[in-house]
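Peer 1: One structure is given below, represented as structure tokens, and several questions about it will come after.
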Amino acid sequence: MKIGFIQLAPVLGDVRATIQKIDQLLHGCEIADILVLPELCNSGYNFVSHEQAYETSEEIENSIFIQFLEEKCSQLNLYLVSGFNERHKEVLYNSAVLIGPGGYIGRYRKLHLFMNEKDYFTPGNTGLPIYDIGLCKIGMLVCFDWVFPEVWRMLALKGAEIICHPSNLVLPGLAQKTVPIHALTNRVYTVTANRIGTERELSFTGLSAIANPTGDILIQASQTEEKVEVADVDITVARDKMITERNDIFADRRPEQYFTTLFTAKA
Ligand code: ACM
């Protein structure tokens, strides 16, 4: 199957302009089964105020951005994962949504908020859902979740074969180094769709990437270019957790010991 990302700079506060960019990027791009878009793709990222975060948010049921993604998925027989500034009962969540050829499927709300996101968003309350789309099982994480290995492991233990990772990364190179290691230690595919460009004092680092279950980067974008990239992957590799002929990385875990301390060193 073919999985990939759309690296672009969403336009802060102008969802129609962002839709136009995505439409152009999808026009004539390589055919894919699943594509991932960046974090907060319907709104932009670096809000000047809570009001701006609120005004640029949308309800899932009433979103022109999601309607557009649904049209594209139906036209192109495609699954899309996108970051989404979600308003639900007047509360904002930094979410990722999964859309398929039949329409909206589900969401994940970012658990670990970064810096000023704490001023605008409520930490997620959806847990870590897995979506079985028939072709494969998908998990979603958003940007700063990269620094918490627990959530990558939990998704993999729940059966995720591809972890889609909409991002607006600003710390140069860190997630780009770390996420392929999450792919390796969990033997899953990862797709980080990062954004590019600058919003006021924040510059976003691009270098969106697809990693395979041995931690190799299959495709990486540049730091500056708006681009769709697609890799052909064998999903059965992500179902095989044997790292040697005698080591199943999940079956060999010893969780009953992880919180136990029998010997404590004296100072
Ligand atoms: C981030 O979580 N947007 C860095």
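Peer 1: Test each condition in (1) within 14 Å of the ligand (Cβ to nearest atom); (2) within 21 Å of Ala193 (Cα to Cα) for Gly100 and report the one that comes out false.
Peer 2: (1)
Peer 1: Every residue in the stretch 85-114 that is among the aliphatic types (A, V, I, L, M) and without any contact (Cβ under 8 Å) to a residue 40 or more places away in the chain, please.
Peer 2: In the first step, residues of the stretch 85-114 are kept if they are among the aliphatic types (A, V, I, L, M); the result is 91-92, 96-99, 105, 111, 113.
Across the stretch 85-114, the qualifying residues are Val91, Leu92, Val97, Ile99, Ile105, Leu113.
Peer 1: Within the stretch 125-142, how many residues are surrounded by fewer than 19 Cβ atoms within 10 Å (Cβ to Cβ), hydrophobic (A, V, I, L, M, F, W, C) and farther than 26 Å from His88 by Cβ?
Peer 2: Here the count works out to 1.
Peer 1: Would the stretch 13-32 turn up any residue that is polar (S, T, N, Q) and over 15 Å from Glu226 (Cβ atoms)?
Peer 2: Within the stretch 13-32 (the criterion being polar (S, T, N, Q) and over 15 Å from Glu226 (Cβ atoms)), the answer is no, since none of the residues qualifies.
Peer 1: Moving to a separate point now. When the stretch 173-220 is examined, which residues are found to be β-branched (Val, Ile, Thr), farther than 19 Å from Ile163 by Cβ and part of a strand (DSSP E or B)?
Peer 2: Thr198
Peer 1: Mind counting the residues in the stretch 49-75 that are closer than 20 Å to Glu199 by Cα, without any contact (Cβ under 8 Å) to a residue 60 or more places away in the chain and either among the aliphatic types (A, V, I, L, M) or open to solvent by 100 Å² or more (accessible area, probe 1.4 Å) (or both)?
Peer 2: 2
Peer 1: Of the numbered conditions (1) open to solvent by 30 Å² or more (accessible area, probe 1.4 Å); (2) within 13 Å of the ligand (Cβ to nearest atom), Asp145 fails exactly one; give the number of that condition.
Peer 2: Result: Asp145 fails condition (1) only.
Peer 1: Those residues that are without any contact (Cβ under 8 Å) to a residue 12 or more places away in the chain, hydrophobic (A, V, I, L, M, F, W, C) and open to solvent by 80 Å² or more (accessible area, probe 1.4 Å), I need them from the stretch 235-267; list them, please.
Peer 2: Result: Phe259, Leu262, Phe263, Ala265, Ala267.
Peer 1: Could you say which residue among Thr178, Thr205 is modelled with pLDDT of 95 or more, open to solvent by 30 Å² or more (accessible area, probe 1.4 Å) and within 16 Å of the ligand (Cβ to nearest atom)?
Peer 2: On the way: Thr205 fails: open to solvent by 30 Å² or more (accessible area, probe 1.4 Å).
Sole residue among the options that is modelled with pLDDT of 95 or more, open to solvent by 30 Å² or more (accessible area, probe 1.4 Å) and within 16 Å of the ligand (Cβ to nearest atom): Thr178.
Peer 1: Within the stretch 221-234, can one find any residue that is open to solvent by 60 Å² or more (accessible area, probe 1.4 Å), outside any loop (DSSP other than H, G, I, E, B), among the charged types (D, E, K, R) and more than 16 Å from the ligand (Cβ to nearest atom)?
Peer 2: So far as the stretch 221-234 goes, yes, one or more of its residues are open to solvent by 60 Å² or more (accessible area, probe 1.4 Å), outside any loop (DSSP other than H, G, I, E, B), among the charged types (D, E, K, R) and more than 16 Å from the ligand (Cβ to nearest atom).
Peer 1: Mind checking whether some residue in the stretch 156-164 is within 20 Å of Ile196 (Cβ to Cβ), open to solvent by less than 50 Å² (accessible area, probe 1.4 Å), part of a strand (DSSP E or B) and more than 14 Å from the ligand (Cβ to nearest atom)?
Peer 2: yes
Peer 1: Do any residues in the stretch 140-153 that are under 13 Å from Pro123 (Cβ atoms) have Cβ atoms under 6 Å from those of residues that are among the charged types (D, E, K, R) and assigned to a helix (DSSP H, G or I), where the two are at least six apart or on different chains, and which pairs are they?
Peer 2: Listed pairs, sorted by first residue: Val151/Asp145.
Peer 1: Condition first: away from the ligand (no atom under 12 Å from the Cβ), under 13 Å from the mean Cα position of the chain (by Cα) and more than 14 Å from Leu40 (Cα to Cα). Now tell me which residues in the stretch 108-128 satisfy that.
Peer 2: If the condition is that a residue be away from the ligand (no atom under 12 Å from the Cβ), under 13 Å from the mean Cα position of the chain (by Cα) and more than 14 Å from Leu40 (Cα to Cα), then Leu128 is the only one that fits.
The values are calculated or read from the model by the stated rules, or taken from the named source; none is laboratory data. This one's a predicted model, so the numbers in the text were calculated from it and none came from an experiment. All Cβ positions, glycine included, derive from the backbone under ideal geometry; neighbour counts span all protein chains shown. Note: accessible area is taken over every heavy atom of the protein model, side chains too, but ligands, DNA and RNA are not part of it. Shrake-Rupley method; radii C 1.70, N 1.55, O 1.52, S 1.80 Å.
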